[in-house]
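The values are calculated or read from the model by the stated rules, or taken from the named source; none is laboratory data. Every value quoted in this text rests on a predicted model; they were computed, and no experiment measured them. Virtual Cβ from ideal backbone geometry, glycine too; neighbours counted across all protein chains shown.
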């Protein structure tokens, strides 16, 4: 296929995309809306949350700290526990979201050893809320510490110790940005590629295309190009929004992040290709893309639910979900700020998957109608 | 030179349990430059046949060639030199007329200018609308655009699958006029249609029904092969007349045909016999005259032939 | 005789486009009325208004004595409708299709049972009753679809290109069904692209550019236009059309 042929194909695909204003609007608007929704969900304030206190020291320091916690607008102390044995039942009844535990001799340690400990136990079945609560509690405690320390040479320090119940490895606050990236790329590339190809089958234009000198596979490659570009626009808008609106920094290398995203886009495109060769109607293509690709992306990539906590079979299955690997890569590069050296394994898995999927879809691609 | 050949083509669909035979040993040959019609109702196998010849489908058995190229082995070479217009409108509805034509020109590695003389007569009729999206065109104009796109690379053989289905009588007539012009340019044309009256516009036709070819001949040849006496009969009350004609002992067949009923006589019966039969009934305004059979009469007769698989094929398959 | 359909200056416009332009005609009870026109002449729009699917912009029309603008529910109970495109559920059996459609019109079980066996007998489909409709040849589907459309014994049945693509023998069998329905007093309103079928109608109207270009018996039309066939009548009229479908 000559260069002009290929270009005219791409031009045609762009006409299709640009002239379907509604779909284009959704494709470009979806990432923005998702980032905003998740961003809003994350920053929503926690007010007057029910907490309990287990005071095993009962001294001036614990009394004034308890008073400050209760006075803050974030908390309301609803119970005073007598022993550690009451902690579990208090959570299970669903009454309290967090328990503040002062160990015996808290005030004493603070005054004489200049070092005391307080334990915060939070119900992390809702990780965002747990995280917010412990942060607020920490702030209250630190504020108290600062006031006590004023004019002292040897500052007292209170060490807070967290325990996250039910979700020990609490996901980071920024987990949704990599998650949304994985979701959006998967949705656009897989579903839209599958749908546009199947649409040509439904329309009958694929029939005419096949009875022409064009190499069939190139028809399909040409279809992928505009979606690759569209995905780049989406990656850019997600990154811009997360940096400037949500204050989620890009700690690692931007070129690496973009390169990895393009790799994942290719994985999704080849998945879409595979779906399109197996289906004959737009409805089926959409259904398979949604249930077969989108749901696993959301459920098994670690974005919504931590993979570590899943039963073994699901953990095994999660390994074949491309989004899981991409999610790990983005989190590492963007949030942790590590370099290629730390994610080369995941990159290799993703590249391997892409090669495998492309190979199968090329093999399965029909040069005839049935 | 043979432009298209088909030898014992068989195509079935479905599972082992529930087999539908789309083509049952179909054989024919089309000469270079011929306008060849495949005439038959929906479900006769026309589309399967066209798809096999255009390399889109593989036959279960049998052989076929286009321009002396094998439809299975020489797929790429054939795809370079045939033009194909599938049954439904298969252009991009969201591209304009000009964009569609340009696009098809590039994928066939040619340009509009290069072969403009071939499509000029057709394309000029839609050129005033060249900036209109194809989806907004009328049925007749869509058809002209599709034909222009199928011709843009100057194909040696043109396959038109039911180009006139669902199109009104005026556009149908215009379309056949265009085909005549194309034929003069030396292009071999295979066209399928469910409209029997279009058969007479072809050089030769194959009548096809449920995967079986009933007859292949020139339209005149097919009509000449219709041997029994055919009468056109009418009366004031047409439906009772039809029922009476069907009960007539000398009737091989009787069916409605436009403003008359057609009565096919068994040998040994004649017009006078029919007249005296009808005189015995209460029909008024009876008119009886000999009639020349047309393709549709032949098709009905061939369908009802007791021999061959075609005869009982319009019964639901068991 | 009472009229099954009457229209007076029935008009439908879409923006600046007048699809149906003040048409006035009457269809007699028990008549087979052919409704012809080139693609885009306004046939489909007019038929939709008569079936109560589309609201007229202006003018009046009654179907089975009910106003198309205000009594659409009553109209829908008194008409049957069949089109080439959608007729029966392919993944239901013949019997299930009949029962489903009869159920829509609230027919009693006894009525359905008795009439189903009559219809199956008439169509010679007794042995296929429990087969999927998808497995039937096209011609049989169309005949069955027609029988289903008149199963609830409507006053009027609308047929939208009922015989497209059907073989010549089945096409005639289909028309025999139409004749029988007309004989039972059902008014038949039919569109077709086959000009020989226009001859089978009692009266034919030909729409041109949203208006009724001609309306008469086939014989009358041929005399008026001084030609020998309906085909020529149609071509003479439609050739003068300014618009084709758009």
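General remarks:
- Within region C:211-231, being touching a helix residue (DSSP H, G or I) at 6+ places or on another chain (Cβ under 8 Å) and either surrounded by 16 or more Cβ atoms within 10 Å (Cβ to Cβ) or at the interface with chain B (Cβ under 10 Å from one of its Cβ atoms) (or both) holds for C:213, C:214, C:216, C:218, C:221, C:222, C:225, C:228, C:229, C:230, C:231.
- Region C:174-198, subset under 21 Å from residue B:39 (Cα atoms) and more than 9 Å from every other protein chain (Cβ to nearest Cβ), residue surrounded by the fewest Cβ atoms within 10 Å (Cβ to Cβ): C:174
- Those residues of region B:57-81 which are in contact with a strand residue (DSSP E or B) (Cβ under 8 Å, 6 or more places away or on another chain), more than 15 Å from residue B:10 (Cα to Cα), at the interface with chain A (Cβ under 10 Å from one of its Cβ atoms) and free of Cβ contacts under 8 Å to residues at least 60 places away in the same chain, in sequence order: B:77, B:78
- Screening the candidates A:343, A:316 for the property of being assigned by TED's automatic domain parsing to the domain that holds residue A:265 and either in a loop (DSSP other than H, G, I, E, B) or in contact with a helix residue (DSSP H, G or I) (Cβ under 6 Å, 6 or more places away or on another chain) (or both) yields one hit, A:343.
- Pairs linking a residue in region B:232-246 that is at the interface with chain C (Cβ under 10 Å from one of its Cβ atoms) to a residue that is assigned to a helix (DSSP H, G or I) and at pLDDT below 95, with Cβ atoms under 6 Å and 6 or more positions apart or on different chains, are B:239/C:179.
- Pick from region A:228-250, criterion surrounded by 14 or more Cβ atoms within 10 Å (Cβ to Cβ) and part of a loop (DSSP other than H, G, I, E, B), ranking: modelled with the highest pLDDT: A:250
- Residue in region C:128-139 that is modelled with the lowest pLDDT, counting only those that are more than 8 Å from chain B (Cβ to nearest Cβ) and in a helix (DSSP H, G or I): C:134
- Options C:96, C:71, C:90; residue that is surrounded by fewer than 18 Cβ atoms within 10 Å (Cβ to Cβ) and out of contact with any helix residue (DSSP H, G or I) (no Cβ under 9 Å at 6 or more places or on another chain): C:71
- The residues listed here are B:165, B:96; of these, the one that is within 14 Å of chain A (Cβ to nearest Cβ) and modelled with pLDDT under 90 is B:165.
- If the condition is being part of a helix (DSSP H, G or I) and within 11 Å of chain B (Cβ to nearest Cβ), then region C:144-161 contributes only C:144.
- Any hit, region C:6-13, residues being under 22 Å from residue B:137 (Cβ atoms) and either within 14 Å of chain B (Cβ to nearest Cβ) or not in a loop (DSSP other than H, G, I, E, B) (or both): yes
- Residue tally, condition part of a helix (DSSP H, G or I), within 26 Å of the chain's Cα centre (by Cα) and over 20 Å from residue B:3 (Cβ atoms), over region B:81-98: 0
- Of the residues making up region B:25-37, not a single one is at pLDDT below 95, crowded, with 24+ Cβ neighbours inside 10 Å and either assigned to a loop (DSSP other than H, G, I, E, B) or within 14 Å of chain C (Cβ to nearest Cβ) (or both).
- When C:29, C:43 are screened for being within 18 Å of residue C:204 (Cβ to Cβ), out of contact with any helix residue (DSSP H, G or I) (no Cβ under 9 Å at 6 or more places or on another chain) and surrounded by fewer than 22 Cβ atoms within 10 Å (Cβ to Cβ), only C:29 passes.
- Summed over region B:134-146, residues that are out of contact with any helix residue (DSSP H, G or I) (no Cβ under 8 Å at 6 or more places or on another chain) and either surrounded by fewer than 19 Cβ atoms within 10 Å (Cβ to Cβ) or within 11 Å of chain C (Cβ to nearest Cβ) (or both) total 3.
- Per this entry, residue B:109 is not counted among residues that are on the phi > 0 side of the Ramachandran plot, within 14 Å of chain C (Cβ to nearest Cβ) and touching a helix residue (DSSP H, G or I) at 6+ places or on another chain (Cβ under 9 Å).
- Among residues of region A:199-231, those that are in contact (Cβ under 8 Å) with a residue 12 or more places away in the chain and either touching a strand residue (DSSP E or B) at 6+ places or on another chain (Cβ under 6 Å) or facing chain B (nearest Cβ under 8 Å) (or both), counted: 3
- Unmet criterion (only one of (1) in contact (Cβ under 8 Å) with a residue 40 or more places away in the chain; (2) away from chain A (no Cβ under 12 Å)) for residue B:116: (1)
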